[in-house]
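The values are calculated or read from the model by the stated rules, or taken from the named source; none is laboratory data. Bear in mind that the values here come from a model prediction, so they are computed numbers and not experimental data. Using ideal geometry, Cβ is built from the backbone for each residue, glycine included, and neighbour counts are taken over all protein chains shown.
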Amino acid sequence: MPSVEQARVALEVVKDAGSGRSLLELGWLQDPRLQGERAWVRLALPGFAQSQQAQIAQEIKQALLGLDGVDDVQIEVGQPAGAAPIGAAGHGASGHGPGGHSQVPERQPIAGVKHVIAVSSGKGGVGKSTVAVNLACALAASGLRVGLLDADIYGPNAPTMLGVADRTPEVEGEGASQVLTPIETCGIAMVSMGLLIAENQPVIWRGPMLNGIIRQFLYQVAWGERDVVVVDLPPGTGDAQLSLAQAVPMAGVIIVTTPQQVSLQDARRGLAMFLQMGVAVLGVVENMSAFIPPDAPEKRYPIFGSGGGARLAAEADVPLLAELPLEMPVREGGDSGRPVVLSAPNSQTAKAFMGLAQRLRSHVLIPG
């Protein structure tokens with residue numbers, strides 16, 4: 001019969017795909033023990049590693065079944081040491097308790113972070129991530145200390161847009177004390193689910209797990225001292241938006257839309273959701289307002305219509321913060337990992353982003 005020490009040695013081959021570190025070292029594999037022909041081990045993954053669970057469980061079984069005398073492996077699933085149940089805070093907070101009293105939790109600031117601004121859209125494909133990434137870079141170029149939190153867990157594009165898709169953040173500590181070190185690039189510090197999973201790996205999670213990883217990105221990242229953290233939200237009005245709005249006090253949210261009617265319909269819903277939750281709407285950004293051809297920069301082609309962003313802003317009585325044109329360098333910068341505000345600073349789009357950053361800086365982040 002093998003010993004517990006032999007079991008631990010066998011389990012050393014089971015590693016986190018993101019950091020490459022042993023799960024025993026990380027504290028995610030706990031309490032291996034043996035009795036007769038059966039081996040037990042506790043698997044306690046943090047929220048951001050839950051997508052690896054099936055693969056890790058298979059590797060654990062292979063490692064332990066490779067020991068002479070072990071014919072059965074039992075894996076107990078638990079929470080990381082000291083961690084609260086995923087989704088325990090904030091999830092379902094808009095409900096009512098006994099006697100009809102609201103159960104809204106107090107929002108918790110991020111240590112060292114002065115302001116949080118979310119970038120949201122009603123639907124996908126309107127360039128929300130492009131706006132979030134370039135806005136973060138533009139704010140940093142204006143002299144602010146900026147973080148970018150990619151909260152689009154199911155479709156994390158920020159690593160590609162910032163040229164860091166091949167990098168992995170360092171992870172220190174265990175359980176509730178575990179801390180991620182953000183990736184520094186383009187003058188900003190950023191975290192993303194895309195940095196923690198393999199390329200093309202889908203994230204198939206329900207709401208409570210999504211809530212857990214967003215809270216970890218908020219509170220278990222070494223943000224340091226930041227004037228602002230820009231949050232790139234997924235499209236729609238789902239769990240990610242609710243988790244963020246209930247967890248952290250925000251300076252406000254920016255609604256991104258294109259001029260076309262379909263985009264405006266969904267943007268209205270998103271805008272209304274944040275107002276209903278008591279989150280300030282800083283204004284509307286109209287993206288792809290007009291196409292500027294590279295061979296005729298004096299021309300403007302309103303491919304998706306015109307005036308939609310202004311109408312939405314007027315309806316909601318909020319500012320139209322920017323009208324961003326569509327230029328070739330925007331796509332080129334996003335694909336090459338060098339956002340347009342850095343790769344083509346003299347383009348009309350880059351100048352519009354810098355104007356947006358300056359407006360937010362003077363009216364929201366450092367007023368007066």
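Data for the structure
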{"read-out": "Any hit, the range 209-223, residues being in the same structural domain as GLU172 (by TED's automatic domain parsing), of a type outside the set (Ser, Thr, Tyr) and exposed (fewer than 15 other Cβ atoms within 10 Å of the Cβ)", "value": "no"}
{"read-out": "Verdict on MET209 being touching a helix residue (DSSP H, G or I) at 6+ places or on another chain (Cβ under 8 Å) and at pLDDT below 90", "value": "yes"}
{"read-out": "Hits in the range 14-32 - residues which are free of Cβ contacts under 8 Å to residues at least 60 places away in the same chain and surrounded by fewer than 14 Cβ atoms within 10 Å (Cβ to Cβ)", "value": "GLU25, ASP31"}
{"read-out": "Residue list for the range 160-198, restricted to those being in a helix (DSSP H, G or I) and in contact with a strand residue (DSSP E or B) (Cβ under 8 Å, 6 or more places away or on another chain)", "value": "MET193, GLY194, LEU195"}
{"read-out": "Selection count where residues are in contact (Cβ under 8 Å) with a residue 60 or more places away in the chain and out of contact with any helix residue (DSSP H, G or I) (no Cβ under 8 Å at 6 or more places or on another chain), scope the range 179-201", "value": "1"}
{"read-out": "Residue within the range 153-165 that is assigned by TED's automatic domain parsing to the domain that holds VAL203, free of Cβ contacts under 8 Å to residues at least 12 places away in the same chain and surrounded by fewer than 20 Cβ atoms within 10 Å (Cβ to Cβ) present", "value": "no"}
{"read-out": "Residues (in a loop (DSSP other than H, G, I, E, B) and either under 12 Å from the mean Cα position of the chain (by Cα) or not hydroxyl-bearing (Ser, Thr, Tyr) (or both)) located in the range 216-240", "value": "GLN220, ALA222, TRP223, GLY224, GLU225, ASP227, LEU233, PRO234, PRO235, GLY236, GLY238"}
{"read-out": "Selection within the range 272-311 - touching a helix residue (DSSP H, G or I) at 6+ places or on another chain (Cβ under 9 Å), assigned to a loop (DSSP other than H, G, I, E, B) and over 15 Å from SER347 (Cα atoms)", "value": "MET277, GLY278, VAL279, ALA280, PHE304, GLY305"}
{"read-out": "Residue count for the range 11-27, restricted to those that are assigned to a loop (DSSP other than H, G, I, E, B) and modelled with pLDDT under 85", "value": "7"}
{"read-out": "Subset of the range 1-10 (residues that are part of a loop (DSSP other than H, G, I, E, B) and among the hydrophobic types (A, V, I, L, M, F, W, C))", "value": "MET1"}
{"read-out": "Subset of the range 92-135 (residues that are modelled with pLDDT of 80 or more, not in a loop (DSSP other than H, G, I, E, B) and not aliphatic (A, V, I, L, M))", "value": "SER120, SER121, LYS128, SER129, THR130, ASN134"}
{"read-out": "So ARG300, is it in contact (Cβ under 8 Å) with a residue 12 or more places away in the chain, assigned by TED's automatic domain parsing to the domain that holds LEU324 and farther than 28 Å from LEU365 by Cβ", "value": "yes"}
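Table: residues versus (1) touching an Asp or Glu at 6+ places or on another chain (Cβ under 6 Å); (2) surrounded by 13 or more Cβ atoms within 10 Å (Cβ to Cβ); (3) modelled with pLDDT of 65 or more; (4) outside the structural domain of PRO182 (by TED's automatic domain parsing).
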site: GLN50; (1), (2), (3), (4): no, yes, yes, yes
site: ILE56; (1), (2), (3), (4): no, yes, yes, yes
site: ALA63; (1), (2), (3), (4): no, yes, yes, yes
site: LEU67; (1), (2), (3), (4): no, yes, yes, yes
site: ASP71; (1), (2), (3), (4): yes, no, yes, yes
site: GLY82; (1), (2), (3), (4): no, no, no, yes
site: GLY87; (1), (2), (3), (4): no, yes, no, yes
